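FYI, it's all coordinate maths here, none of it is from the lab. As the structure is a computational prediction, the values presented were derived from the model and not from experiment. Note that we place each Cβ from the backbone using ideal geometry, even for glycine, and neighbour counts take in every protein chain shown.
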There are 2 protein chains.
Amino acid sequence: MKENPTETTIRAWTRLMTAQQLALSSIEHALKAAELPSLVWYDVLLELERAGETGLRPFELERAMLLAQYNLSRLVDRIERSGYVERRACADDGRGQLIVITDRGKNMRRKMWPVYARAIEAAVGRHLSARQADTLSEMLGYLIDRLKGG
Amino acid sequence: MKENPTETTIRAWTRLMTAQQLALSSIEHALKAAELPSLVWYDVLLELERAGETGLRPFELERAMLLAQYNLSRLVDRIERSGYVERRACADDGRGQLIVITDRGKNMRRKMWPVYARAIEAAVGRHLSARQADTLSEMLGYLIDRLKGG
DNA sequence: TCAAGCTTGATGCAGTTGCATAAAAACGTA
DNA sequence: TACGTTTTTATGCAACTGCATCAAGCTTGA
């Protein structure tokens, strides 16, 4: 049984950090340059648009996005203040609420997408063949499953 | 010529974000649980220990670590306040300074290493064979080179 | 040599995150 | 039902980040 990380493992770890950092910051800069909200906002809007009219409970969004509870709570505050989402009372559960995307929110997401897509293409797609991208995402998917599993 | 990211590219992108987020937060929790400083501190201390007696100029550290200037400046403040590094005047350049790790700093780095190593092993090493880790880091290395190149 | 421009580093301010904790509703169970 | 526990959400506070800007020193070139 392995006890210590090998050189190879450490290199993979380090590069995972670096690649993500570089890729993320290039996307964030692209969004900022286009005077659009940051990436998390996009992700929230996308999740909510997929969820449809019903919306999502904060705790569902929290799990879908791997965000801390206190963090999501205030993120939703900010997005709500910009008018892209609404909080509605939740019939089933008096503590809860449902977060629903507004039309403004849908428009904003659609407006962000081309910028985001171009940035992904520039950061990742341009450099990897379909085969490489596939191998990469398969390995990362495997890793993610383990990490989520515990 | 490719213009839009394919499904595969998007999946790779998303998973890169997710895997990093999960892996990083597991490491940070492990360090916090052991009442040790966060990962950036480790990275700074490691860079400085490698640099030896001479230390490094802030701008060198900044580039090595892909950190924003204003960010590094205050990070070094904090680490200095804890006594793990020293700022020394720089002979060649009146604007500049040299950041040098102290003995306390070296001790702290050594104390952090086993916790960090165990966390890397748990987050990455345990789940990937040497061959897989190697493939992963090769692909990420390739990507990083492109991203740094512009 | 000296002014214009570049590089290095710090800092005020606003926005964001993490942590601890609180409050309210739901749930389980005796 | 009533009481302790768990779940869901919010929030005060401190730490950290990003942005814009500043000040000081270096470099260049007429």
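Here are the numbers for this structure:
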quantity	calculated
Most fluctuating residue given options A:Tyr70, A:Tyr116, A:Tyr42, as computed from a GNM of chain A linking Cα atoms under 10 Å	A:Tyr70
Of B:Leu16, B:Leu75, B:Leu24, the one that fluctuates the most in a GNM where chain B has Cα springs shorter than 10 Å	B:Leu16
Linear extension gain, B:Thr6 paired with B:Asp93, 0.36 nm per residue minus alpha-carbon span	26.4 nm
Cα lying deepest toward the dipole's positive end in region B:76-116, options B:Val85, B:Trp113, B:Thr102, charges on Cβ	B:Trp113
Convex hull volume per residue in cubic angstrom - Cα atoms of region A:22-100	99 Å³
Over 25 Å (Cα to Cα) - which of A:Lys111/B:Lys148; A:Lys32/A:Lys148; A:Lys32/B:Lys148 fall in this group	A:Lys111/B:Lys148; A:Lys32/A:Lys148
Within a Gaussian network of chain A (alpha carbon springs, distance under 10 Å), most fluctuating of A:Ala133, A:Ala51, A:Ala23	A:Ala133
Inter-copy separations for A:Gly94, label at 7 Å along Cα-Cβ, nm, ascending	7.2
Mean separation of Cα contacts under 8 Å (6+ apart) over length of region A:37-110, as relative contact order %	37 percent
Histogram of C-alpha separations across chain B, 5 Å bin width, %	2, 8, 14, 17, 17, 15, 12, 8, 4, 3, 1
Global geometry of the protein assembly as shown, whether rounded, prolate or oblate, following the gyration tensor of its Cα atoms and the 1.5 cut on a/c	prolate
Where GluC sites (Glu not before Pro) in DSSP loops with at most 12 other Cβ within 10 Å are excluded, longest remaining stretch of chain B	B:36-150
Exposure proxy order (Cβ contacts within 10 Å, fewest to most) of A:His29, B:His127	A:His29, B:His127
CD proxy at 222 nm, helix term only [per DSSP H run n ≥ 4: -39500 (n - 2.57); per residue of chain B; nearest 500]	-23000 deg cm²/dmol
Region B:7-149 - percent relative contact order, Cα under 8 Å, separation 6 or more	25 percent
